[in-house]
Amino acid sequence: MELKHTSAVVTGGASGLGEATARALSARGVKVVLADLNQERGSAIAKEIGGVYAHCDVTNTEQVIAAIEAAKELGPLWSAVNCAGIGWATRTVGKDGEYSSAHDLELYRKVIEINLIGTFNVCRLAATAMSHNTPDVDGLRGAIVNTASVAAEDGQIGQVAYSSSKGGIVGLTLPLARDLAAIGVRANCILPGLIDTPIYGTGAASDEFKARLGAGVLFPKRLGYSEEFASLCVELLSNSYMNAESIRIDAGIRMQPK
């Protein structure tokens, strides 16, 4: 699938995996809309790569449509990448055994709403826009890449909400691809492992913590780079024969219970 002279929407594009993906797509000649809540960072990156920033809560349909329409003004929308998401860690039952200390149900709903429902919201709307594209020689009109996590398969203690949301993203991949085959849109999913992003902070303490995490990776024994995720993402978008796949990028790690 040819990416040059097309546009893309990247949610969570103002940092981490989304930022790296936006930069990689821009380097391939794609005009990128960075859909994010961080206006200052998103605007700065958009200016740097010749893209556009769109303030976007992925659970807000109007804001998602606005981001998609902004992309269409830059060129035909052929790519959508979902990197927006949040994490939360708490056990299902509190130590005191009281009902009140059980996992907060609203926090569980929030993680599902943003990570899973937000991802699907972007998918359904982006695919609708792509359905109007003129197909290429393979009948393709676009491609979607969603971001899950190895926690979808190796969820650790305290990750019930996060793993549920990421497992849902893996679970929607095949039926989503089957649905979208009718309009010539492919859908794939990436399950990143321990990737070095701003979530781990900076400084000596952060470096020490990341080194400990990296020691548990099979090989190479380090955290992944966001550019390595972005490289796989671009391959999934550009390779016309990649469809309905959920791929781990984790250097062989299998997460332990804690």
Across region 94-140, the tally of residues that are among the small types (Gly, Ala, Ser), assigned to a helix (DSSP H, G or I) and in contact (Cβ under 8 Å) with a residue 24 or more places away in the chain stands at 4
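To keep it simple, each residue is scored yes or no on (1) surrounded by 22 or more Cβ atoms within 10 Å (Cβ to Cβ); (2) at pLDDT below 95; (3) over 15 Å from the mean Cα position of the chain (by Cα).
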residue: 89; (1), (2), (3): no, yes, yes
residue: 115; (1), (2), (3): yes, no, no
residue: 131; (1), (2), (3): no, no, yes
residue: 143; (1), (2), (3): yes, no, no
residue: 146; (1), (2), (3): yes, no, no
residue: 151; (1), (2), (3): no, no, no
Mind checking whether some residue in region 102-109 is surrounded by 13 or more Cβ atoms within 10 Å (Cβ to Cβ), touching a Ser or Thr at 6+ places or on another chain (Cβ under 9 Å) and within 21 Å of residue 172 (Cα to Cα)?
-> yes
Pair list, Cβ < 7 Å and 6+ apart or interchain, from region 66-88 residues that are touching a residue at least 60 places away in the same chain (Cβ under 8 Å) to residues that are surrounded by fewer than 17 Cβ atoms within 10 Å (Cβ to Cβ) and among the aliphatic types (A, V, I, L, M) = 88/107
From the option list 183, 249, 157, single residue qualifying as under 30 Å from residue 8 (Cα atoms), surrounded by fewer than 20 Cβ atoms within 10 Å (Cβ to Cβ) and more than 20 Å from the chain's Cα centre (by Cα) is 183
Are any residues in region 228-258 assigned to a loop (DSSP other than H, G, I, E, B) and not small (Gly, Ala, Ser), and if so, which ones?
-> 239, 241, 242, 243, 245, 250, 253, 254, 255, 256, 257, 258
Name every residue in region 209-230 that is free of Cβ contacts under 8 Å to residues at least 40 places away in the same chain and either closer than 30 Å to residue 184 by Cα or of a type in the set (A, V, I, L, M, F, W, C) (or both), in order of residue number.
-> 209, 211, 213, 215, 217, 218, 219, 223, 228
For residue 168, work out the one condition from (1) in contact (Cβ under 8 Å) with a residue 40 or more places away in the chain; (2) part of a helix (DSSP H, G or I); (3) closer than 23 Å to residue 78 by Cα it doesn't fulfil.
-> (3)
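Within the group 75, 18, 12, which residue is on the phi > 0 side of the Ramachandran plot and crowded, with 21+ Cβ neighbours inside 10 Å?
After ruling out the rest, the residue left standing is 12.
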Could you check residue 173 against (1) out of contact with any Leu (no Cβ under 6 Å at 6 or more places or on another chain); (2) over 20 Å from residue 21 (Cα atoms); (3) among the polar types (S, T, N, Q) and say which number it fails?
-> (2)
Qualifying positions in region 227-251 - more than 17 Å from residue 141 (Cα to Cα) and either among the aromatic types (Phe, Trp, Tyr) or modelled with pLDDT under 95 (or both) = 229
Applying the selection to region 174-227, what residues are more than 22 Å from residue 80 (Cα to Cα) and part of a loop (DSSP other than H, G, I, E, B)?
-> 194, 201, 202, 203, 216, 217, 218, 219, 220, 221, 222, 223
Which of the residues that make up region 231-251 are of a type in the set (D, E, K, R), farther than 19 Å from residue 167 by Cα and in contact (Cβ under 8 Å) with a residue 40 or more places away in the chain?
-> none
Candidate set: region 36-51, residues that are in contact with an Asp or Glu (Cβ under 7 Å, 6 or more places away or on another chain) and aliphatic (A, V, I, L, M); chosen: the one farthest from residue 115 (Cα to Cα) | 45
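The values are calculated or read from the model by the stated rules, or taken from the named source; none is laboratory data. On a predicted model such as this, the values are computed, not experimentally measured, just so you know. Here Cβ is always computed from backbone atoms with ideal geometry, including for glycine, and neighbour counts include all displayed protein chains.
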